[in-house]
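Asks: Here's a structure for you.
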Ligand SMILES: Nc1ncnc2c1ncn2[C@@H]1O[C@H](COP(=O)(O)OP(=O)(O)OP(=O)(O)O)[C@@H](O)[C@H]1O
Ligand SMILES: [Mg+2]
């Protein structure tokens, strides 16, 4: 966590002919807002193939010498064919990107391990909008799913993962989609939660906590069923639960 962190939240509108983009950004992290932030033409050479993961379109790039991750929100499932990247709504505060940005910002202020929010944007078109989010790249990190496809994760690391999830629950963060691709672990073993789309601060009682953990367990089981040699066992899960129960 950066000690001298002081966020300066700014709102601007940018765009060329036919595009009107509303942008919320942290002026302590970037100086200029341009289309390049959201539709980068220069990609960083990094060991991340983010385009092949979730529904969103994610690109890693360099901007003002920072390694950034730009995510363009996209529908999943059945809605994808029908709506593509369009969302209904006219208010900036309720748009996908702005909400995730604000949530990241609040969690970061609490010292929770999440990506640093840089900018969020929306482009309105009639009743619909399209949305983007830019965060700082968490360097040298892989998703838990990627680690497990390659090699087993040590019991102490599972325990640590459980502890981190517990910290979020203790701060009343409800992650709407806690799965093995939304947990990042860097080479030093630090654990981050990412992808807070549709997530919220909300009193997380016992039932909600259990549901959240059960969602993660289902995702790990699904990977294990689908990928031969996926390194996940009951004892790993017990280690995670032991970390979750740690009194720290
Ligand atoms: N700040 C970041 N640092 C490093 N990697 C990131 C960062 N943000 C995203 N990624 C990578 O990009 C992938 C996709 O990002 P994210 O989970 O936010 O969207 P998504 O899963 O595609 O969206 P959805 O859950 O709606 O399908 C992550 O699984 C992770 O590999
Ligand atoms: Mg994701």
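Asks: If a residue has to be assigned to a helix (DSSP H, G or I) and farther than 17 Å from residue 153 by Cα to count, how many in the stretch 202-225 make the cut?
Replies: Looking only at that region, the number is 13.
Asks: Considering each of 153, 173 in turn, give the residue that is away from ligand 2 (no atom under 16 Å from the Cβ), surrounded by 13 or more Cβ atoms within 10 Å (Cβ to Cβ) and in contact (Cβ under 8 Å) with a residue 12 or more places away in the chain.
Replies: Criteria check complete, one pass: 153.
Asks: From the list 209, 202, 238, which one is in contact with a strand residue (DSSP E or B) (Cβ under 6 Å, 6 or more places away or on another chain), without any contact (Cβ under 8 Å) to a residue 60 or more places away in the chain and more than 16 Å from ligand 1 (Cβ to nearest atom)?
Replies: 202
Asks: Going by the structure shown, is residue 137 modelled with pLDDT of 95 or more and away from ligand 1 (no atom under 11 Å from the Cβ)?
Replies: no
Asks: Let me ask something else about it. Quick test of your reading of the structure: residue 197 fulfils all but one of (1) within 16 Å of ligand 1 (Cβ to nearest atom); (2) touching a strand residue (DSSP E or B) at 6+ places or on another chain (Cβ under 9 Å); (3) more than 27 Å from residue 10 (Cα to Cα). Name the failing condition by number.
Replies: Result: residue 197 passes all but (3).
Asks: Looking at 192, 232, 168, which is the one that is under 29 Å from residue 40 (Cβ atoms) and surrounded by 13 or more Cβ atoms within 10 Å (Cβ to Cβ)?
Replies: Being under 29 Å from residue 40 (Cβ atoms) and surrounded by 13 or more Cβ atoms within 10 Å (Cβ to Cβ) holds for just one of 192, 232, 168, which is 192.
Asks: Follow-up question, since we're still on this one. Among the residues in the stretch 120-134, are any on the phi > 0 side of the Ramachandran plot, surrounded by fewer than 19 Cβ atoms within 10 Å (Cβ to Cβ), part of a loop (DSSP other than H, G, I, E, B) and within 13 Å of ligand 2 (Cβ to nearest atom)?
Replies: Looking for residues that are on the phi > 0 side of the Ramachandran plot, surrounded by fewer than 19 Cβ atoms within 10 Å (Cβ to Cβ), part of a loop (DSSP other than H, G, I, E, B) and within 13 Å of ligand 2 (Cβ to nearest atom), one finds none in the stretch 120-134, hence no.
Asks: Pick out the one residue from 34, 70 that is at pLDDT 80 or above, within 16 Å of ligand 2 (Cβ to nearest atom), touching a strand residue (DSSP E or B) at 6+ places or on another chain (Cβ under 9 Å) and in the same structural domain as residue 126 (by TED's automatic domain parsing).
Replies: Going through 34, 70 in turn, just one is at pLDDT 80 or above, within 16 Å of ligand 2 (Cβ to nearest atom), touching a strand residue (DSSP E or B) at 6+ places or on another chain (Cβ under 9 Å) and in the same structural domain as residue 126 (by TED's automatic domain parsing): 70.
Asks: Might you let me know whether the stretch 236-244 holds any residue that is in a loop (DSSP other than H, G, I, E, B), surrounded by 14 or more Cβ atoms within 10 Å (Cβ to Cβ) and touching a helix residue (DSSP H, G or I) at 6+ places or on another chain (Cβ under 8 Å)?
Replies: Taking every residue of the stretch 236-244 in turn, none turns out to be in a loop (DSSP other than H, G, I, E, B), surrounded by 14 or more Cβ atoms within 10 Å (Cβ to Cβ) and touching a helix residue (DSSP H, G or I) at 6+ places or on another chain (Cβ under 8 Å).
Asks: Condition first: outside any helix (DSSP H, G or I) and within 30 Å of residue 35 (Cβ to Cβ). Can you find one or more residues in the stretch 145-153 that meet it?
Replies: no
Asks: Kindly indicate the residue of the stretch 88-102 that is surrounded by fewer than 19 Cβ atoms within 10 Å (Cβ to Cβ) and not in a loop (DSSP other than H, G, I, E, B) and also nearest to the chain's Cα centre (by Cα) among those meeting that condition.
Replies: Here the residue is 102.
The values are calculated or read from the model by the stated rules, or taken from the named source; none is laboratory data. Keep in mind it's a predicted model, so treat the numbers as computed, not measured. Using ideal geometry, Cβ is built from the backbone for each residue, glycine included, and neighbour counts are taken over all protein chains shown.
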